[in-house]
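The values are calculated or read from the model by the stated rules, or taken from the named source; none is laboratory data. Just so it is clear, the model here is predicted, and its values are computed rather than measured. Ideal geometry is used to build each Cβ from the backbone, glycine not excepted, and the neighbour counts take in all protein chains shown. Accessible surface is based on the protein model in full, side chains and every heavy atom, while ligands, DNA and RNA are left aside. Shrake-Rupley method; radii C 1.70, N 1.55, O 1.52, S 1.80 Å.
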Amino acid sequence: MTTFNITMPSGATWTPTFVQTLNEEKCIGCGRCFKVCPRGVLELVGLNADGEYVHVDEDDDDDDGEYDKKVMKIAHQELCIGCTACAKICPKKCYTHAPAQV
Ligand code: SF4
Ligand code: SF4
């Protein structure tokens, strides 16, 4: 196994780091990371008292009672391209990233 690297047009080597974890304790559900992710990896969900994910309907103002808070969830980790835009924009430093092993 070795680290997955990319050779840039300049000839330089770049090692992408892919999203690994998102700290739900620290997440404030601001949605910034969702807006910058170019790959549809993330999904805003509700978290109820039992720690279960609840679907959030952005058009429904009446669903506040179904969950305690909104958090971002890594819904499609397999689509991540390792750009790290989500980590750079997150005000709460919720993310960890790591290189892929191939
Ligand atoms: S690293 Fe890039 S592609 Fe991956 S989840 Fe973050 S913003 Fe999306
Ligand atoms: S930017 Fe950070 S705090 Fe805001 S929703 Fe994303 S993970 Fe949560």
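Observations
- Qualifying residue in the stretch 9-19 (condition: in contact (Cβ under 8 Å) with a residue 60 or more places away in the chain, within 11 Å of ligand 2 (Cβ to nearest atom) and in a strand (DSSP E or B)): yes
- Those residues of the stretch 61-86 which are surrounded by 15 or more Cβ atoms within 10 Å (Cβ to Cβ) and free of Cβ contacts under 8 Å to residues at least 24 places away in the same chain, in sequence order: Tyr67
- Among the residues of the stretch 20-39, those that are under 21 Å from Lys69 (Cα atoms) and in a loop (DSSP other than H, G, I, E, B) comprise Asn23, Glu24, Glu25, Lys26, Cys27, Ile28, Gly29, Cys30, Gly31.
- Evaluation of Glu58 against (1) open to solvent by 50 Å² or more (accessible area, probe 1.4 Å); (2) in contact with a Phe, Trp or Tyr (Cβ under 7 Å, 6 or more places away or on another chain) (one fails), failing number: (2)
- Among the residues making up the stretch 7-37, those that are within 14 Å of ligand 1 (Cβ to nearest atom) and more than 11 Å from the chain's Cα centre (by Cα) are Trp14, Thr15, Pro16, Thr17.
- With respect to (1) assigned to a helix (DSSP H, G or I); (2) loosely packed, with under 12 Cβ neighbours inside 10 Å; (3) small (Gly, Ala, Ser), the lone exception for Ala49 is condition (1).
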